[in-house]
Amino acid sequence: MARTAAPGCSGSGLALAIVTGTSSTTEVARGVSLIGAFASLVRFQHTVFALPFALAGALMAEQSWPPLSVLGWILLAMVGARSLAMALNRLIDEEIDAKNPRTAGRDLPSGRLTHTQVAVFCAISLAVLLIAVSQLPPLTWVLWPVPVAGFVIYPYTKRFTWLCHLVLGVVIGLAPLGAWIAVTGHFAVAPVFLFLAVATWMFGFDVIYALMDVEFDRANGIQSVPARFGAARALWVTRVMHTLAVICLIIAGVLAGSGTLYFVGVAICAAVLVVENLLVSPDDMSRIQAAFGTANGVLALVYIAFVILDVGFG
């Protein structure tokens, strides 16, 4: 969960730094260094969480590879959408991020990026998304405001509800549903279960991620399942969500007419989720990063690998 974003420390950001007691001597990124700064801002390494499921939605739509042009526009739309989502999250959550010692060194609170730079990046990302969507079936153009609205709404939810994890899951879960529609041009039941699978999977592992900030969240009025119910109950919520995710993946495969290899992949994903849930306990949270990053990255890659194998050889 990109729970805490980042305030700039130039202009109005400098005043914020004085108020919050933070300071920045980091030079603002310019020229080529902006590439690294923006890559850090949007955490491109976390693309592995959503992109494989978007590709899976595109492949499972007709149990075949879509035309390369369609696939290319889908991937470009995903890049634009995710970049916009992360940058908006960083801007909206800037004050929270500046106060949190864990995130105060990020690009905005450290002063490496300014508000203006990130705002321009948001505009470019939105333009990329709209250009890509305009090349896909008309229904995708009608629906593009839905995920964009989610990108704006999600960061605010942690301020008033512990269901913020669910909102994040719903927003990310739109990726495979949108990719399916981009290939077929219409809704279907199967991608709805892909959407639900991603939403519940994301809900579950975002709860694990939120364990890192329980004390900070409680002290600053930030809502989360761990802050509201405690670590032990939160981890049970994760287990329930991950069980639902596996069930939804199975149903999606059945409805899409997937073959044996697909279900072998789902079984491996289920095993990965078991390991992920065993890595963290209320008494030992030293492996949260392994559970959040490594396990979920492996799961996403395993899933898309077996979808590809099933479509190609199933």
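The values are calculated or read from the model by the stated rules, or taken from the named source; none is laboratory data. Keep in mind that what you see is a predicted model, and the values were worked out from it rather than measured. Positions of Cβ are generated from backbone atoms using ideal geometry, with glycine treated the same way; all protein chains shown enter the neighbour counts. The accessibility values were calculated without ligands, DNA or RNA, using every heavy atom of the protein model including side chains. Shrake-Rupley method; radii C 1.70, N 1.55, O 1.52, S 1.80 Å.
Scanning segment 46-87 for residues that are over 17 Å from Gly297 (Cβ atoms), open to solvent by 30 Å² or more (accessible area, probe 1.4 Å) and in a helix (DSSP H, G or I) turns up Leu68, Ser69, Val70, Gly72, Trp73, Leu75, Leu76, Val79. For segment 97-127, residues that are open to solvent by 20 Å² or more (accessible area, probe 1.4 Å) and within 21 Å of Ser224 (Cα to Cα) total 4. Within segment 264-314, the set of residues being more than 18 Å from the chain's Cα centre (by Cα) and of a type in the set (Ser, Thr, Tyr) comprises Ser281, Ser286. Assess whether Phe195 counts as being modelled with pLDDT under 95, open to solvent by less than 50 Å² (accessible area, probe 1.4 Å) and part of a helix (DSSP H, G or I). For Phe195, the condition - modelled with pLDDT under 95, open to solvent by less than 50 Å² (accessible area, probe 1.4 Å) and part of a helix (DSSP H, G or I) - is not met. Checked against (1) within 13 Å of Leu91 (Cα to Cα); (2) touching an Asp or Glu at 6+ places or on another chain (Cβ under 9 Å); (3) in a helix (DSSP H, G or I); (4) not basic (Lys, Arg), Val152 passes all but a single condition, namely (2).
Close Cβ contacts (under 7 Å, 6 or more residues apart or on different chains) running from residues in segment 193-222 that are under 14 Å from Met241 (Cβ atoms) and of a type in the set (S, T, N, Q) to residues that are at pLDDT 95 or above and open to solvent by 10 Å² or more (accessible area, probe 1.4 Å) comprise Thr200/Met241; Thr200/Leu244; Thr200/Cys248.
Would you be able to tell me the number of residues in segment 293-314 that are among the hydroxyl-bearing types (Ser, Thr, Tyr) and surrounded by fewer than 16 Cβ atoms within 10 Å (Cβ to Cβ)?
Start the filter on segment 293-314 by keeping residues that are among the hydroxyl-bearing types (Ser, Thr, Tyr), which leaves 294, 303.
Now drop any that are not surrounded by fewer than 16 Cβ atoms within 10 Å (Cβ to Cβ), which leaves 294.
Number of matching residues: 1.
Give segment 213-238 a look and list any residue that's in contact with a helix residue (DSSP H, G or I) (Cβ under 7 Å, 6 or more places away or on another chain), within 27 Å of Cys269 (Cα to Cα) and either exposed (fewer than 15 other Cβ atoms within 10 Å of the Cβ) or of a type in the set (Ser, Thr, Tyr) (or both), or say none. Residues satisfying the conditions are Ser224, Thr238.
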